[in-house]
Structures are given as structure tokens and as C-alpha cells.
Amino acid sequence: MVLDRLISAIFKINDKLSNHARERNFIEKRFNYKSGSKKLFVLLPTWNNTFIEHYFLRNAFYGFGYSLLEYKFPQEILSSDYKATKRYFKIIERTARADMRRLKKEYGFSRVCVIGISLGTCNACMIANGNKDVDGLYLVAPGNCLAESMWTGLRTQSIREEMEKQGITLKDLKKYWFRLAPENNIGKMKDKPVHAILSRHDIIINYKCGEKLIKAIKSKKIKLIYKENRHIGHYITILLFYINPKKYLFD
């Protein structure tokens, strides 16, 4: 939790800049093919990620004999311009679905699994729900609702403040971002397993938001493999996943 506060403070000024940044061509991707592999993992990243962060994860997957498609998006995908955020998320959904379909056909993958980390869990649920090309979903430090997670999360308070200046309420935002909320993108996952990792002390995506998502998944009778870190925060949970994905992916 201390690390969550420290990282939020470090990024505070930079995060505010995203509220006033212009839209731009933003999707970057890397496809790491392991010769002969039949399983593809698709990684939807954290907010303002870099490919460097995925170094250990990338090497681990290669060692396991799996291929990895990873994405990088700029900070502007989440800002006080709520209309731009919605456009960005829809573009990401269309792009990732098309990429998976093409790679599955071209390389003959028999299984495709989607991993969402932090903010990327919203993208991951949008991409996986009702998608015949997806066989499994992994959610690391998720929340139930993008609007609610942003509104209550420590790092995104500057975005909330900017929205409140515009007269936007949480109720308004939940309605406008309805299609982006993970809890609204799991209804067609009944025949596919969902893995989730939560942190009890998460204050970046409030733990209660993650708890609501777990309850929503259970209520729809979806097969859930669920783990909870009871003593660490948001960023350490993600770091441990990066360093040792086998502990969470292959138990």
C-alpha cells in the first residue's frame, strides 16, 4: 500500500497531462512467436505501460513454449475526456479481436488466452466476452467498473476532479462507460474459465471494486479460479505476476 501511494505521487504531474493531450495514433504491439507453439497469450497492459515492463513475463512465456502478443497504449486512453476514452477502448477491442483472429489462422494456434492487467482488465473483458477465438481469461488486479474504479482509485483523482468541474457525476459516467465495465462484459464467458488475482490492500483500483467483480462472475455461474493477496498492494501484486506468472497461470 505504501508503494501504491509512492508511485501515485511520482506520476501525479504526468497523469494530469493526459487530461489535456491530443488524440493520436496510439496502438503499438509486439508478437513473440515460439516456434511450434500451439498456445497464444494476448496481453492487455496497465495504464501507461512500456514493453520493458514485460521483459520477465515475455521470457517466461517463451520458456514455457507459448507465444505472446503484447500491446502498448499511451496514457491518453484514460482521461477526463470521457468520450475519447470510449472511442479508444472500442478501437482497442476491434484491433485486438482482428489480430487474434489473424494470428490464430496464420500460425494454427489451438488455444488463445487473454490477460488483462489493472486498467487492461477492462480491455481484456471487452475482447474476450462472446469471442469464439478466446479460450480463457486472466485478470490481474481488476475492478468491476471502469467509472467506479477511476472515481475511487488513488492515482486517478485528478481525472475525477476534472470531470467534476465539467459537471459529470459518477452516475453519469457509469452510464456512458457502461460498455467498458468488466461486470458488463462477462455474461458470455460461461463456457470459458476466468482466473482472477486481487489484492486486499489495493487502493489504485479499490479492493471493493475487485470484490464486486468476483461476485458478479460467481453470480453468472462462470468457472472462476480466484486468488487473493492479503498483505500487499496493487503494484506489488502486478510485479509478482510479471516475475512469476507460472504461479498464477498454470496451477
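A few remarks follow.
- Residue count for the stretch 134-156 under the criterion of being touching a strand residue (DSSP E or B) at 6+ places or on another chain (Cβ under 8 Å), in a loop (DSSP other than H, G, I, E, B) and surrounded by fewer than 21 Cβ atoms within 10 Å (Cβ to Cβ): the result is 1.
- If you go through the stretch 180-210 and keep only what is under 21 Å from N123 (Cβ atoms), in contact (Cβ under 8 Å) with a residue 60 or more places away in the chain and not polar (S, T, N, Q), you end up with L180, P182, I186, M189, K192, D202, I204, I205, C209, G210.
- Near pairs, Cβ below 8 angstrom, 6+ apart or cross-chain, from the stretch 222-251 (within 16 Å of G210 (Cβ to Cβ)) to any residue that is part of a helix (DSSP H, G or I) and of a type in the set (S, T, N, Q): N229/T237
- Residue tally, condition open to solvent by 10 Å² or more (accessible area, probe 1.4 Å) and touching a residue at least 40 places away in the same chain (Cβ under 8 Å), over the stretch 166-179: 4
- Here is the figure for the stretch 180-199: residues that are within 13 Å of G143 (Cα to Cα), open to solvent by 10 Å² or more (accessible area, probe 1.4 Å) and touching a strand residue (DSSP E or B) at 6+ places or on another chain (Cβ under 6 Å) total 1.
- Here the helices (runs of 4 or more DSSP H) wholly within the stretch 201-251 that include at least 1 residues being under 15 Å from the mean Cα position of the chain (by Cα) are 207-219, 234-243.
The values are calculated or read from the model by the stated rules, or taken from the named source; none is laboratory data. Fair warning: this is a prediction, and the values are worked out from it, not measured in the lab. Ideal geometry is used to build each Cβ from the backbone, glycine not excepted, and the neighbour counts take in all protein chains shown. Ligands, DNA and RNA are excluded from the accessible area calculation, which covers all protein heavy atoms including side chains. Shrake-Rupley method; radii C 1.70, N 1.55, O 1.52, S 1.80 Å.
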